[in-house]
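The values are calculated or read from the model by the stated rules, or taken from the named source; none is laboratory data. Computed from a predicted model, the values in this text were never measured in an experiment. Virtual Cβ from ideal backbone geometry, glycine too; neighbours counted across all protein chains shown.
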Amino acid sequence: MIKHYILSIDPKAEYQWEQVVLRDPITAQRPDFASLIAQAVADKAGSYLVSVNIEVQVLEEAPSIQPQLLPLDIPAVA
């Protein structure tokens, strides 16, 4: 089973849980790995010892968007 996700890393995020985010590229939902693994055993009831291999391949890298401060010329009010 191959799944694709978007990984966003922002070490300056306001909250810790927003610093590293993994999302589905279509739904933007965070993956539920337990459900994905359950699909591999056809959702059959029982307890399983499973081995999960994660291979990461960067398919595309988007540039980080850095906010820019632009100077504003505001005329003085007389």
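Considered as a group, the residues in the stretch 37-55 that are among the aliphatic types (A, V, I, L, M) and loosely packed, with under 10 Cβ neighbours inside 10 Å include one that is nearest to Ile2 (Cα to Cα), and that residue is Ile54. When you look at Pro25, is it at pLDDT 85 or above, surrounded by 10 or more Cβ atoms within 10 Å (Cβ to Cβ) and part of a loop (DSSP other than H, G, I, E, B), yes or no? No. Applying a threshold of 6 Å to beta carbon distances and a minimum spacing of six or more residues, or different chains, the list of pairs starting in the stretch 16-28 at a residue that is without any contact (Cβ under 8 Å) to a residue 24 or more places away in the chain and ending at one that is surrounded by 10 or more Cβ atoms within 10 Å (Cβ to Cβ) and small (Gly, Ala, Ser) reads Gln19/Ala13; Val21/Ser8.
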